Amino acid sequence: MNSRLLCVARGSGLLNPHQCGSLAGLSASDATSTLTHEVRTLQMAGRKVSTLVLHIKGGFDNVNPSTLCNMHKSKGVCPYLVSWIRSFLTGRSCRLLYQGSPMVFAPGLVGTPQGSPVSPLLFVIYVSRLHREIPQGLTLSYVNNFGLTTSSSSYCRNIHSRHRHYAVLKARGAGLGVSFSVPKAELIYWGTLKDRGPISRSPIHLDGSVFSPKDEVRWLGYWFTPSISTTAHFTKRLAKAQAAFVAVKRLSPPGLGLPPFLCHPFASSLLFPILSYGADTFVHTAHMTMKLSVFWHKVQRWATNCFGATAVDIHAVGACLPPHDLLLAYKRCLAYLRVLCSPAGIHPATAWLPPSLLTLSVHRHAPEDRLLCRGNPRARLPRPWCQPRRPAKNRTHLPPTPSPTRCFFSLGRKAALPSWSPASTC
């Protein structure tokens, strides 16, 4: 039912293209990539950019079933699906079980029940009306986290523009019965390393509270700085990985605790995800690469139980753990392929790619072509690059179709990965 509802929501326009989270094919890296690209694009135009991060207060509990059903009706959704949503959200009851509790059910009016796979999707559809077009800006959301990005010729003008957009967003939220948690709001002024003057420190006033711009803002697990430097993010990821590694070593000394054959699954399933979170969007510096590699060598030495004087190259073979830089490059290439192969109307980062870029997806067209063909199912969309043309009458064969993998890796030599496998090395 979740898959069917997702297809109906995307086909009927119930979702905004700048919504991420709780949607198939979209993750936190897609939202951060879109935000980073928007900030860099506006800065290249010589504008001053700032972002205000907001959080919805008690989002799932404030969903109104009647309003949600009316939203589906206005988009022409099937009546049986609207009836199913109304039946899913209404008529619920609950009771508490403890010693001496009354065995009586009470009606539960809590919006969408948490724990169901359909509840996050219904909430995302419900808050889609909060999105609005910002001229030379962006409204980006990830479930209940919203980011208002505005730009102007100066940071002072950004403050007035941000106040106006926040007032509109607050009014729309009041119409839906949702509100924002003002104490959790965060403000950041984006800058570049080439800026001659200091970045403005002007605060913003929201509902009687004063918020000053921060030097580091955490959004969706990513740490952003005004210059979008990746050192702060990977420094915190390295500290978390080192803390987890020390805790496991303390609880499992040699000969006790964790068996030797479980060291490899532990390193690949726990330590590497902590260490590499955000590597599909951020690229670390050479100095940070050295720090990450030193820690990864310690993990490899611990997995093989070798001496400290053992050559570093042997640790990767014995522990069956590839070098850290190869793993990060492989993860980054997978993220690039996912962006290239996603439809432009679904993936916010793919929509920023030029239409002439080679891709595997049949749905990758220019945004204006999608708007022209919307509402006209017989309209001819541009032919994807991977679909060959029909043979002409005076030709007997088709030109060879390029290989998708070859075309992607031919975009740049840096995308190609050197082959490595423990079996071949042994």
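The values are calculated or read from the model by the stated rules, or taken from the named source; none is laboratory data. Here the structure is a predicted model, which is why all the values come from computation and not from measurement. No Cβ is skipped: glycine too gets one built from the backbone with ideal geometry, and neighbour counts run over all protein chains shown. The protein model used for the area step is the full one, side chains on, heavy atoms only, and it has no ligands, DNA or RNA in it. Shrake-Rupley method; radii C 1.70, N 1.55, O 1.52, S 1.80 Å.
Summary of computed values
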{"quantity": "Portion, in percent, of the accessible area of the range 141-229 that falls on carbon or sulfur, probe 1.4 Å", "calculated": "54"}
{"quantity": "Estimated FRET transfer efficiency (residue 305, residue 27; beta-carbon r; R0 41 Å; 0.05)", "calculated": "0.70"}
{"quantity": "Label point distance in nm, residue 294-residue 236, each placed 7 Å from Cα along Cα→Cβ", "calculated": "2.2"}
{"quantity": "Label-to-label distance, nm, for residues given as residue 330 and residue 75 (7 Å Cα→Cβ offset)", "calculated": "3.9"}
{"quantity": "Computed lengthening from residue 45 to residue 109, 0.36 nm per intervening residue step minus Cα-Cα distance", "calculated": "18.1 nm"}
{"quantity": "21 Å Cα-Cα reach of residue 48 towards lysines, excluding residues that sit fewer than 8 places from it in its own chain", "calculated": "194, 214"}
{"quantity": "FRET efficiency estimate (nearest 0.05) - Cβ-Cβ, residue 313 to residue 193, R0 30 angstrom", "calculated": "0.25"}
{"quantity": "The range 1-118 - Rg and Dmax from Cα coordinates, angstrom", "calculated": "19.7, 68"}
{"quantity": "Additional length obtainable on full extension of the chain from residue 66 to residue 270, 0.36 nm per residue less Cα span", "calculated": "69.1 nm"}
{"quantity": "Order of exposure, largest accessible area first, which applies to 352, 296 with probe 1.4 Å", "calculated": "352, 296"}
{"quantity": "Per-pair calculated FRET efficiency, R0 = 30 Å: residue 116 and residue 252 via Cβ, rounded to 0.05", "calculated": "0.20"}
